[in-house]
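**Student:** Can you keep this structure in mind? I'll have questions shortly.
The values are calculated or read from the model by the stated rules, or taken from the named source; none is laboratory data. Just so it is clear, the model here is predicted, and its values are computed rather than measured. Ideal geometry is used to build each Cβ from the backbone, glycine not excepted, and the neighbour counts take in all protein chains shown.
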């Protein structure tokens, strides 16, 4: 049960919570929120977006953002795209640029606070399940996160520590703290996965291309069609496939690529190591507590989906 599917369930539950809360707000006759600024809607839903970079700015504050510190975690995005998005945000006066550093301005801080207030309003009256169960789930997941922060390296806690920088206050409603815990879980998974594949000394977009080939993508053109949002070109993906072929992780037949047995074994080891690193922090829950956590988590997801439906 402690595998990629459980991690996916935590992220699906977070998405269901947002959808359910928004739907409940509409059903209760509350007025819609005004649309966010146009720039906040650009590439919405992608990690490579102004909205997500503003989240990252909140995590790094009061330290500035740079292309390089952003790409410690965003290993799949091209430097050029990260730079372009930061420059676009600076043109909106959300950042003040000093050399290679992007410092939050008052306008940027106001945008961050507006997003936080929006979340508080969305979840203010949302009760997808009894409060006692929400509080219990939050407490169990908080223990997992606190334990993960103290686990030995690898994997390290770069992403998780930064995610905790913008956690809700201790007196915040349990549902808001739980919502952020799922974001922490995503950060911890990123830490674990990077620690598992980066020792192979391949660039992030090369590893991602390899993952797609293992899942059936065959050509550089197909990789580009599916991953252009990362900011790399078709030529970049052709080079990535050549790099993977040189490692004997993939093989080509008429310009169509497939993983080799060596490649499949390498990827399976990385995925297993990712799980091992990621679930180390879950050892704080005994078997009964884990079963309780899983049952409440599934119930929450189903309740939120019903609210959204």
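Residue by residue, here is whether (1) part of a helix (DSSP H, G or I); (2) surrounded by fewer than 17 Cβ atoms within 10 Å (Cβ to Cβ) holds:
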position: 194; (1), (2): yes, no
position: 210; (1), (2): yes, no
position: 213; (1), (2): yes, no
position: 216; (1), (2): no, yes
position: 226; (1), (2): yes, yes
position: 236; (1), (2): yes, no
position: 244; (1), (2): yes, no
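**Student:** Here is a follow-up. Kindly indicate whether residue 292 is more than 16 Å from residue 76 (Cβ to Cβ), in the same structural domain as residue 153 (by TED's automatic domain parsing) and not in a helix (DSSP H, G or I). Steps first, please.
**Tutor:** On the way: more than 16 Å from residue 76 (Cβ to Cβ): yes; in the same structural domain as residue 153 (by TED's automatic domain parsing): yes; not in a helix (DSSP H, G or I): no.
It is false that residue 292 is more than 16 Å from residue 76 (Cβ to Cβ), in the same structural domain as residue 153 (by TED's automatic domain parsing) and not in a helix (DSSP H, G or I).
**Student:** Here's something else I'd like to know. Inside region 82-120, can you point out the residues that are part of a helix (DSSP H, G or I) and in contact with a helix residue (DSSP H, G or I) (Cβ under 8 Å, 6 or more places away or on another chain)? Lay out the reasoning, then the answer.
**Tutor:** First pass over region 82-120, keeping only residues part of a helix (DSSP H, G or I): 82-91, 106-120.
82, 83, 85, 86, 88, 89, 108, 111, 112, 115, 119, 120, listed by residue number.
**Student:** Here are some residues: 12, 48. Which one is touching a helix residue (DSSP H, G or I) at 6+ places or on another chain (Cβ under 9 Å), assigned to a helix (DSSP H, G or I) and touching a residue at least 40 places away in the same chain (Cβ under 8 Å)?
**Tutor:** Numbers: 48 fails: assigned to a helix (DSSP H, G or I).
After applying the criteria, what remains is 12.
**Student:** Sticking with this one: Tell me, please, whether a residue that is more than 16 Å from residue 180 (Cβ to Cβ), in the same structural domain as residue 177 (by TED's automatic domain parsing) and in contact with a helix residue (DSSP H, G or I) (Cβ under 7 Å, 6 or more places away or on another chain) can be found in region 134-149. Please lay out each step first, then the result.
**Tutor:** So in region 134-149, the residues more than 16 Å from residue 180 (Cβ to Cβ) come out as 136, 147.
Retained after the next criterion (residues that are in the same structural domain as residue 177 (by TED's automatic domain parsing)): 136, 147.
Within this subset, residues satisfying the condition of being in contact with a helix residue (DSSP H, G or I) (Cβ under 7 Å, 6 or more places away or on another chain) are 136, 147.
Within region 134-149, one or more residues are more than 16 Å from residue 180 (Cβ to Cβ), in the same structural domain as residue 177 (by TED's automatic domain parsing) and in contact with a helix residue (DSSP H, G or I) (Cβ under 7 Å, 6 or more places away or on another chain).
**Student:** Out of curiosity, is residue 112 touching a residue at least 12 places away in the same chain (Cβ under 8 Å), surrounded by 13 or more Cβ atoms within 10 Å (Cβ to Cβ), under 20 Å from the mean Cα position of the chain (by Cα) and farther than 17 Å from residue 170 by Cβ? Talk me through it step by step, then tell me what you get.
**Tutor:** Values: touching a residue at least 12 places away in the same chain (Cβ under 8 Å): yes; surrounded by 13 or more Cβ atoms within 10 Å (Cβ to Cβ): yes; under 20 Å from the mean Cα position of the chain (by Cα): yes; farther than 17 Å from residue 170 by Cβ: yes.
Spelling it out, residue 112 is indeed touching a residue at least 12 places away in the same chain (Cβ under 8 Å), surrounded by 13 or more Cβ atoms within 10 Å (Cβ to Cβ), under 20 Å from the mean Cα position of the chain (by Cα) and farther than 17 Å from residue 170 by Cβ.
**Student:** Scan region 121-133 residue by residue and report those that are assigned to a loop (DSSP other than H, G, I, E, B) and within 17 Å of residue 171 (Cα to Cα). Break it down stepwise before answering.
**Tutor:** First pass over region 121-133, keeping only residues assigned to a loop (DSSP other than H, G, I, E, B): 123-130.
Within region 121-133, 123, 124, 125 qualify.
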